[in-house]
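Below is one structure, written out as structure tokens; the observations come after it.
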Amino acid sequence: MIAGLKLSIYWGLQPVLLITAVGIWYADPTFELTYLYLIIGVQLVLGMIEHYSPARPEWLIRTRQKSINVILVFFLTLIALTLAIFYVEWLEAPLAVLRNTVGLDIWPHHWPILAQLLMVFFASEFIWYWMHRCQHRFTWFWRLSGHGAHHSFKKLNALNFGLNHPIEYIFILLPSILVELIFGVGVAAAGASVLTVIQTSIVHSNINLNSRGIGWLFTTNRYHICHHSVDLDESNTNYGCSAIIWDRIFGTFLDTRISEAGTGPTEPSLWQKFLMPIKQPVDTAIAPDS
């Protein structure tokens with residue numbers, strides 16, 4: 001029975017969570033709390049499986065540390081939602097003018113809403129792919145965005161989806177906001193955000209999951225954990241946090257099981273992570289040098 005359950009989780013958890021989350025959103029696309037409810041629900045499911053059946057038992061963290069991470073994710077999520085509101089207020093009008101002036105009012109609003117959702121999702125991920133790749137290519141961008149803080153964790157789990165430096169949310173939110181406002185997408189953009197946050201939770205999870213089939217388009221935790229490797233050559237791959245297709249197209253895809261995660265041999269303290277835009281830990285091994 002336990003073996004059958006593990007097999008069901010391995011093959012079915014990621015597609016079931018994605019389909020369920022999108023289905024819940026689709027049932028009432030205008031309900032504003034869907035995003036938060038789904039984050040909480042998916043984190044509870046993933047957290048429970050990680051606790052009882054972790055892919056890497058050595059990555060289990062103590063209850064105190066997990067509680068701290070939950071509190072951090074809560075406040076960082078509030079920061080992200082607040083930034084999203086400000087972005088819309090600041091950019092909606094000027095980008096609408098740009099859309100009408102340049103002739104970008106071409107969004108296929110008559111298409112099925114789920115097709116529009118996938119268009120927003122993959123278009124946003126295309127922008128994020130290049131932005132993320134630049135973070136790992138240019139020292140100034142790595143430091144400015146505080147991206148090293150996200151990579152500094154030695155033990156990964158689903159909560160790491162939101163454990164970014166507060167500054168980095170300025171950049172993380174931009175791809176979806178730009179696609180939404182430049183093209184005047186509408187409600188499908190909210191569905192794409194739901195799909196993205198569920199995906200980023202799954203791909204950081206410490207669970208044995210399948211990568212065949214689904215891994216042609218969508219990032220899996222095997223692929224994304226590879227990106228969190230302490231080895232520079234492994235870390236400079238799989239930049240698509242939610243969609244792996246762009247890595248496949250642009251030659252940065254890698255499928256391997258890493259031996260160690262993090263930015264170096266030791267994990268920085270919380271304060272050191274916060275200071276990473278200003279001062280890198282001396283043992284950082286994956287930061288760009290140009």
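Only the coordinates and a few stated rules stand behind these numbers; no lab work does. Just so it is clear, the model here is predicted, and its values are computed rather than measured. Neighbour counts are summed over all protein chains in view; Cβ atoms, including those assigned to glycine, are modelled from backbone coordinates with ideal geometry.
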With each run of n ≥ 4 DSSP H residues scored as -39500 (n - 2.57), what mean residue ellipticity at 222 nm is computed for the chain after dividing by its residue count and rounding to the nearest 500 deg cm²/dmol? -19000 deg cm²/dmol
Once you keep just the Cα pairs under 8 angstrom separated by 6 or more residues, what percentage relative contact order results for segment 2-274? 25
Order of 77-86, 238-247 by packing, highest average Cβ count within 10 Å first? 238-247, 77-86
Output the DSSP H helices from the chain with an along-axis C-alpha extent of no less than 24 Å and a mean Kyte-Doolittle hydropathy no less than 0.0. 2-27, 34-52, 63-102, 113-135
Unit charges at the beta carbon, dipole of the chain: most positive-side option, ALA189, LEU159, PRO112: LEU159
Using +1 at the Cβ of each Lys and Arg and -1 at the Cβ of each Asp and Glu in segment 223-269, identify which of GLY262, CYS226, ILE245 lies farthest towards the dipole's positive end. ILE245
With +1 on the Cβ of every Lys and Arg and -1 on the Cβ of every Asp and Glu, the dipole magnitude of segment 2-274 about its Cα centre, in debye rounded to the nearest 20, is 680
Return the sequence-ordered ³J(HN,Hα) values of segment 272-281 in whole Hz as given by the Karplus equation 6.51 cos²θ - 1.76 cosθ + 1.60 applied to θ = phi - 60°, using x for Gly and Pro. 5, 5, 5, 8, 4, x, 9, 9, 7, x
Around ASN238, which amide H atoms from residues at least 5 apart in sequence, or from another chain, sit under 5 Å from its own amide H, with H modelled in the peptide plane? PHE253, LEU254
Set Lys and Arg Cβ to +1 and Asp and Glu Cβ to -1, take the dipole of the chain about its Cα centre, and tell me which of ALA93, SER124, GLY146 lies farthest positive. GLY146
If each part is reduced to its alpha-carbon centroid, segment 138-194 and segment 1-80 end up apart, in Å, by 18
Arranged from highest to lowest average of other beta-carbon atoms within 10 Å per residue, in what order do the peptides 92-103, 139-150 appear? 139-150, 92-103
Tell me, rounded to the nearest percent, the portion of alpha carbon pairs in the chain spaced more than 24 Å apart. 51
Cβ crowding within 10 Å averaged over residues, with 266-274, 153-161 ranked highest first: 153-161, 266-274
